[in-house]
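A.B. asks: Take this structure, written in structure tokens, and hold onto it; I'll ask about it next.
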Amino acid sequence: MADANDFLYLCKANQLAAVDPAKIKALVLYAPNDLVFYEPIVQETMRKIAEAGGSVEGAPLPGPNGHLNSLFAIEQASDKITAFLTR
């Protein structure tokens, strides 16, 4: 679920990353049983962000719904999301 504001933030983040990858700050939340974004691919993406000088942290969203854990199990990451957004 996204709105126009989400899209604008994604555009800005992509533009910033293209200019200076070291300025990337990413919080990656993923479902270990996701069939869309497999965990090894997520881990590789996080590694590449870090290797480029970006700041990245990740956390799993366990649950029975795979990719949809980002909707149905997101509350388990609320503290991590709040901490990330308040930095």
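The values are calculated or read from the model by the stated rules, or taken from the named source; none is laboratory data. Note that the coordinates shown come from a computational prediction; the quantities given were computed from them, not determined experimentally. Here the Cβ is made from the backbone with ideal geometry for all residues, glycine too, and neighbour counts use every protein chain on show.
A.B. asks: Determine whether S78 is of a type in the set (S, T, Y) and touching a strand residue (DSSP E or B) at 6+ places or on another chain (Cβ under 9 Å). Let's see the steps before the verdict.
C.D. replies: Numbers: of a type in the set (S, T, Y): yes; touching a strand residue (DSSP E or B) at 6+ places or on another chain (Cβ under 9 Å): no.
The answer is no for S78.
A.B. asks: Could you tell me which numbered condition R87 fails, if it satisfies all but one of (1) under 22 Å from N14 (Cβ atoms); (2) without any contact (Cβ under 8 Å) to a residue 40 or more places away in the chain?
C.D. replies: (2)
A.B. asks: Shifting gears a bit: Suppose we keep only residues that are of a type in the set (S, T, N, Q) and without any contact (Cβ under 8 Å) to a residue 24 or more places away in the chain within the range 41-63. Which one would you say is nearest to D20 (Cα to Cα)?
C.D. replies: T45
A.B. asks: Looking at (1) more than 21 Å from L10 (Cβ to Cβ); (2) touching a helix residue (DSSP H, G or I) at 6+ places or on another chain (Cβ under 6 Å), which is the only condition V28 fails?
C.D. replies: (1)
For every residue, the table says whether it meets (1) surrounded by 14 or more Cβ atoms within 10 Å (Cβ to Cβ); (2) acidic (D, E); (3) under 11 Å from the mean Cα position of the chain (by Cα).
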site: D20; (1), (2), (3): no, yes, no
site: K48; (1), (2), (3): no, no, no
site: H67; (1), (2), (3): yes, no, no
site: K80; (1), (2), (3): yes, no, no
site: A83; (1), (2), (3): no, no, no
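A.B. asks: Filter the range 35-87 down to the residues that are polar (S, T, N, Q) and closer than 20 Å to I24 by Cα and list them by number. Even if it seems obvious, please write down each step before you answer.
C.D. replies: Looking only at the range 35-87, we keep the residues that are polar (S, T, N, Q), and these are 43, 45, 55, 65, 69-70, 76, 78, 82, 86.
Within the range 35-87, Q43, T45, S55, T82, T86 meet the criteria.
A.B. asks: Being among the β-branched types (V, I, T), within 17 Å of F84 (Cα to Cα) and in a loop (DSSP other than H, G, I, E, B), is that true of even one residue in the range 26-41?
C.D. replies: Quick first cut of the range 26-41, residues among the β-branched types (V, I, T) only: 28, 36, 41.
Filter once more, keeping what is within 17 Å of F84 (Cα to Cα): 28.
Pick out the ones that are also in a loop (DSSP other than H, G, I, E, B) and you get none.
No, the conditions are met nowhere in the range 26-41.
A.B. asks: Determine if the range 2-9 includes at least one residue that is out of contact with any Cys (no Cβ under 9 Å at 6 or more places or on another chain), surrounded by 14 or more Cβ atoms within 10 Å (Cβ to Cβ) and among the aliphatic types (A, V, I, L, M).
C.D. replies: Checked the range 2-9: no residue is out of contact with any Cys (no Cβ under 9 Å at 6 or more places or on another chain), surrounded by 14 or more Cβ atoms within 10 Å (Cβ to Cβ) and among the aliphatic types (A, V, I, L, M).
A.B. asks: For the range 1-25, how many residues are assigned to a helix (DSSP H, G or I) and either modelled with pLDDT of 85 or more or of a type outside the set (A, V, I, L, M) (or both)?
C.D. replies: Number of matching residues: 10.
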